[in-house]
Amino acid sequence: MTLTPTWDQLDRDCELLPEELRHRSRRYLKNHQQRYESDLRLVERFYRGGRVLEIGAAPCQLIRALQLQGYPVQAVDLNPDRFLPIIRKYALPVVQCDIEREPLPFERARFSLILFNEVFEHLRMDPIATLAEIHRVLRPGGSLVPSTPNLYSLKSIASFLRGRGFGDPYQEFQKLHSLGHMGHVRVYTADQIKRFLAGAGLQSIEVRYRFHKSRRRVLGLAMNLANQIFLKCRPYQVHISTAG
């Protein structure tokens, strides 16, 4: 691609948003910059022409980065109006779609590459039907790249051993009111994600485990070292899968 996005540009884009959403988007960019960099490397590796679809565009940072790099992108989001100033300024092709209740508004085999990042854990109705619909719009031989938290992460294991379980259900459901979308319904193992993919006719050809390097002193450095050693206990899992 001809143009590399700058994180300063994405940060400046946040100025277009209302104050509360602006601050939240800036925090999200700071916390997820390493993930975005990894996502862009994956796109560069697996892109084989055609259009790219991002499912779950909010806060419209990854689709903007892909646009800056020159990829022909399309995105869907549950409530894109939240980021309408950015969408309008840069003519981002983001359409509204509730992927748990509605079919994707595209014809069969429309996309060669689909990004499905940090969404699967939010699905609370029928993940099987959602994946089947994603498979419908993915062309044969195309790639689906879903990423989701890892149930067997060091953080999850430590939380369980301390008697705290794997999250606060009330807090996650409360996000329906505060953010407009569901929080984490549940977290999955890699084998469970593979089973969902296989059930939708998708083959998981590679699983990667990734983490964001912490800049905190002592504890952060210890976690970075642990994540380097225990690869399958990293916080996030990425499945590179293909449509038959």
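The values are calculated or read from the model by the stated rules, or taken from the named source; none is laboratory data. Predicted, not measured: the structure shown is a model, and the values here were computed from it. Cβ sites come from the backbone with ideal geometry, for glycine too, and all protein chains shown count toward neighbours.
Structure values in brief
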read-out: Of all residues making up the stretch 213-232, the number that are under 30 Å from Gly141 (Cα atoms) and either in contact (Cβ under 8 Å) with a residue 24 or more places away in the chain or more than 21 Å from the chain's Cα centre (by Cα) (or both); value: 1
read-out: Number of the condition not met by Pro140 [criteria: (1) in contact (Cβ under 8 Å) with a residue 24 or more places away in the chain; (2) surrounded by 13 or more Cβ atoms within 10 Å (Cβ to Cβ)]; value: (2)
read-out: Exclusive hit being part of a helix (DSSP H, G or I) and over 22 Å from Phe120 (Cα atoms), set Asp8, Asp39, Asp81; value: Asp8
read-out: Selection from the stretch 195-211 of residues that are among the small types (Gly, Ala, Ser) and outside any strand (DSSP E or B); value: Ala198, Gly199, Ala200, Gly201
read-out: Selection from the stretch 46-92 of residues that are on the phi > 0 side of the Ramachandran plot, in contact (Cβ under 8 Å) with a residue 24 or more places away in the chain and more than 14 Å from the chain's Cα centre (by Cα); value: Gly49, Gly50, Gly70
read-out: Pair list, Cβ under 6 Å, 6 or more apart: the stretch 169-193 residue under 19 Å from Gln237 (Cβ atoms), other residue part of a helix (DSSP H, G or I); value: Gly183/Glu172; Gly183/Lys175; His184/Glu121; His184/Glu172; Val187/Glu121
read-out: In the stretch 139-194, the residues that are aromatic (Phe, Trp, Tyr) and in a strand (DSSP E or B); value: Tyr188
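Here's the yes/no breakdown for (1) in a helix (DSSP H, G or I); (2) surrounded by fewer than 19 Cβ atoms within 10 Å (Cβ to Cβ); (3) at pLDDT 95 or above:
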residue: Lys30; (1), (2), (3): yes, yes, no
residue: Gln33; (1), (2), (3): yes, yes, no
residue: Glu54; (1), (2), (3): no, no, yes
residue: Ile63; (1), (2), (3): yes, no, yes
residue: Gly70; (1), (2), (3): no, yes, no
residue: Ala75; (1), (2), (3): no, no, yes
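A quick yes/no check of all residues on (1) among the charged types (D, E, K, R); (2) within 25 Å of Gly244 (Cα to Cα); (3) surrounded by fewer than 19 Cβ atoms within 10 Å (Cβ to Cβ):
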site: Tyr90; (1), (2), (3): no, no, yes
site: Asn117; (1), (2), (3): no, yes, no
site: Ile128; (1), (2), (3): no, yes, yes
site: Pro149; (1), (2), (3): no, no, no
site: Gly165; (1), (2), (3): no, no, yes
